[in-house]
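Below is one structure, written out as structure tokens, with a few remarks after it.
The values are calculated or read from the model by the stated rules, or taken from the named source; none is laboratory data. Just so you know, these numbers come straight off a predicted model, no measurement behind them. Every residue, glycine among them, receives a Cβ derived from its backbone with ideal geometry; neighbour counts consider all protein chains shown. Note: areas computed on protein heavy atoms with side chains; ligands, DNA, RNA excluded. Shrake-Rupley method; radii C 1.70, N 1.55, O 1.52, S 1.80 Å.
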Amino acid sequence: LAHQPLKGRHLLITAGPTHEPIDPVRYIANRSSGRQGFAIAAAAAAAGAKVTLVSGPVQLPTPAGVNRIDVESAEEMAQAVKKALPADCAIMVAAVADWRPREYQSEKIKKRGSAPPALMLTENPDILAMVAASSKRPDLLIGFAAETQDVVENARKKRKSKGVDWIVANDVSGEVMGGTKNQVHIVRERRVEDWEEMDKDEVAGRLIAEVAEHLEAVHG
Ligand code: C5P
């Protein structure tokens, strides 16, 4: 590509769900196809960036020119993200499970009697908040927020509480999950952009264009 506005920059992107194992055959997870994160990784690589894509379990091919690291659980994702820093920009698109089973059963849990087993959960690390608090915090840190109601208001709160620069808020009350289209709002400190519904590839292209513009303005 002739136009490479992200040449010389390192972008770190997380995508997909995480799987939190219960026993060798069972897990809990969030619903996520990984499509939006993979599209962003592809757009960043096409713009000339060095791209590290930390991906949970998904059924997607690796975009051209992208360094992909596959992980399963939130804890593995957190480790991989730490290892991949520093980066000029991090975009955390992964649908990380908020909780994991408190104990992993190394043998398959058997059905016995009538009472189903109780699943005790414990909190997962918040990878985005961890990166925000890190001494290696990227210049531009972007989180995603999937919401079903009060989308922009919740995203505003999340932007502040997580200490990130931009939140890409998407309304997932419709058929966004697993689909090819997305409708997002870019929530910054002083302004919110409402984008019309468009292809996930187009969301990726526009977001990466804005990232390039921002990094250019910050660093020249
Ligand atoms: O709080 P919530 O899960 O809605 O925040 C979503 C944002 O935080 C996303 O960018 C997601 O990738 C990130 N996140 C994370 N680690 C978690 C939970 C969320 O990085 N454990």
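Which members of the range 124-161 meet the condition of being farther than 20 Å from Leu11 by Cβ, touching a strand residue (DSSP E or B) at 6+ places or on another chain (Cβ under 7 Å), small (Gly, Ala, Ser) and not in a strand (DSSP E or B)? The answer is Ala155, and nothing else.
Scanning the range 92-103 for any residue that is β-branched (Val, Ile, Thr), touching a strand residue (DSSP E or B) at 6+ places or on another chain (Cβ under 7 Å), in a loop (DSSP other than H, G, I, E, B) and more than 14 Å from the ligand (Cβ to nearest atom) turns up nothing.
Checking each residue in the range 150-199 for being touching a His at 6+ places or on another chain (Cβ under 6 Å) and open to solvent by 80 Å² or more (accessible area, probe 1.4 Å) picks out only Asp194.
Looking at the range 107-115, can you tell me whether even one residue there is near the ligand (Cβ under 8 Å from one of its atoms) and surrounded by 14 or more Cβ atoms within 10 Å (Cβ to Cβ)? Taking every residue of the range 107-115 in turn, none turns out to be near the ligand (Cβ under 8 Å from one of its atoms) and surrounded by 14 or more Cβ atoms within 10 Å (Cβ to Cβ). Any chance the range 140-149 includes a residue that's buried (at least 19 other Cβ atoms within 10 Å of the Cβ) and more than 13 Å from the ligand (Cβ to nearest atom)? Yes: one or more hits.
Set side by side, the residues Ala95, Ala133 differ, and just one is surrounded by fewer than 17 Cβ atoms within 10 Å (Cβ to Cβ), touching a Gly at 6+ places or on another chain (Cβ under 8 Å) and touching a residue at least 12 places away in the same chain (Cβ under 8 Å), which is Ala133.
Looking at Val54, is it within 12 Å of the ligand (Cβ to nearest atom) and either surrounded by fewer than 18 Cβ atoms within 10 Å (Cβ to Cβ) or under 28 Å from Gly205 (Cβ atoms) (or both)?
On the way: within 12 Å of the ligand (Cβ to nearest atom): yes; either surrounded by fewer than 18 Cβ atoms within 10 Å (Cβ to Cβ) or under 28 Å from Gly205 (Cβ atoms) (or both): yes.
Yes: the conditions hold for Val54.
Condition (residue is of a type outside the set (S, T, N, Q), assigned to a loop (DSSP other than H, G, I, E, B), free of Cβ contacts under 8 Å to residues at least 60 places away in the same chain and open to solvent by 10 Å² or more (accessible area, probe 1.4 Å)) applied to the range 77-89: is it met by at least one residue?
If we filter the range 77-89 for residues that are of a type outside the set (S, T, N, Q), which is where we start, we get 77-78, 80-89.
Applying the additional criterion that residues be assigned to a loop (DSSP other than H, G, I, E, B) yields 85-88.
With the extra rule that they be free of Cβ contacts under 8 Å to residues at least 60 places away in the same chain, the set shrinks to none.
No; the residues of the range 77-89 include none that is of a type outside the set (S, T, N, Q), assigned to a loop (DSSP other than H, G, I, E, B), free of Cβ contacts under 8 Å to residues at least 60 places away in the same chain and open to solvent by 10 Å² or more (accessible area, probe 1.4 Å).
Glu72 meets each of the listed conditions (1) in contact with a Ser or Thr (Cβ under 8 Å, 6 or more places away or on another chain); (2) within 11 Å of the ligand (Cβ to nearest atom); (3) in a loop (DSSP other than H, G, I, E, B) apart from (2).
Taking the numbered list (1) free of Cβ contacts under 8 Å to residues at least 12 places away in the same chain; (2) outside any strand (DSSP E or B) in turn, Val203 passes all entries but (1). Among the residues making up the range 20-47, those that are in a strand (DSSP E or B) and touching a residue at least 60 places away in the same chain (Cβ under 8 Å) are Glu20, Pro21, Ile22, Asp23, Arg26, Ile28, Ala29.
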